[in-house]
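Beneath this line is the structure, given in structure tokens, with notes to follow.
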Amino acid sequence: MDAEFIAQAFSLEQGWAEANTLVALERAATERLLTKADGAALIENYRRIRRVEAILVLRARMRPSARRTT
């Protein structure tokens, strides 16, 4: 399951006005809406995917443009 979907579902179900996925996941774990293991795994994997996404964006910006102007 997608961590963002789970965070949004909990936010809607619980009436939270939380736009931040990580904060919503942490709150769900704190309020024991998720098992300890599931909460930890979702939070860890969400952080990991965001780090990978940031690295890919930085690498794309650093790469010389494929189009050359002459």
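The values are calculated or read from the model by the stated rules, or taken from the named source; none is laboratory data. All of these numbers come straight from a predicted model, not from anything done at the bench. Methodologically, a virtual Cβ is constructed for each residue, glycine included, from the backbone with ideal geometry; neighbour enumeration extends over all protein chains shown. Accessible surface is based on the protein model in full, side chains and every heavy atom, while ligands, DNA and RNA are left aside. Shrake-Rupley method; radii C 1.70, N 1.55, O 1.52, S 1.80 Å.
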Exercise. Suppose every K and R has +1 on its Cβ and every D and E has -1 on its Cβ; what is the size of the dipole of the chain about the Cα centre, in Debye to the nearest 20?
Worked result: 800 debye
Exercise. Could you work out the helix-only [θ] at 222 nm for the chain, with each DSSP H run of four or more residues adding -39,500 (n - 2.57) and the total divided by the number of residues, to the nearest 500 deg cm²/dmol?
Worked result: -23500 deg cm²/dmol
For this session: Pop the C-beta distance of Phe5 and Arg61 into the FRET formula with R0 = 35 Å and round what comes out to the nearest 0.05.
Result: 0.75
Exercise. Say R0 is 25 Å: what FRET efficiency, to the nearest 0.05, do Ala54 and Asn20 get from their beta-carbon distance?
Worked result: 0.95
Exercise. Based on the inverse mean of 1/r over its pairs of different Cα atoms, what is the Kirkwood hydrodynamic radius of the chain, in Å?
Worked result: 13.8 Å
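On the accessible surface of the chain, probed at 1.4 Å, how many percent belong to carbon and sulfur atoms?
C and S atoms contribute 55 percent here.
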Seminar exercise, completed: Scalar couplings 3J(HN,Hα) for region 5-10 by Karplus 6.51 cos²θ - 1.76 cosθ + 1.60 (θ = phi - 60°), nearest whole Hz, x for Gly and Pro, are 5, 4, 4, 5, 4, 5
Exercise. Which of Leu12, Leu34, Leu25 moves most in a GNM of the chain, Cα contacts under 10 Å?
Worked result: Leu12
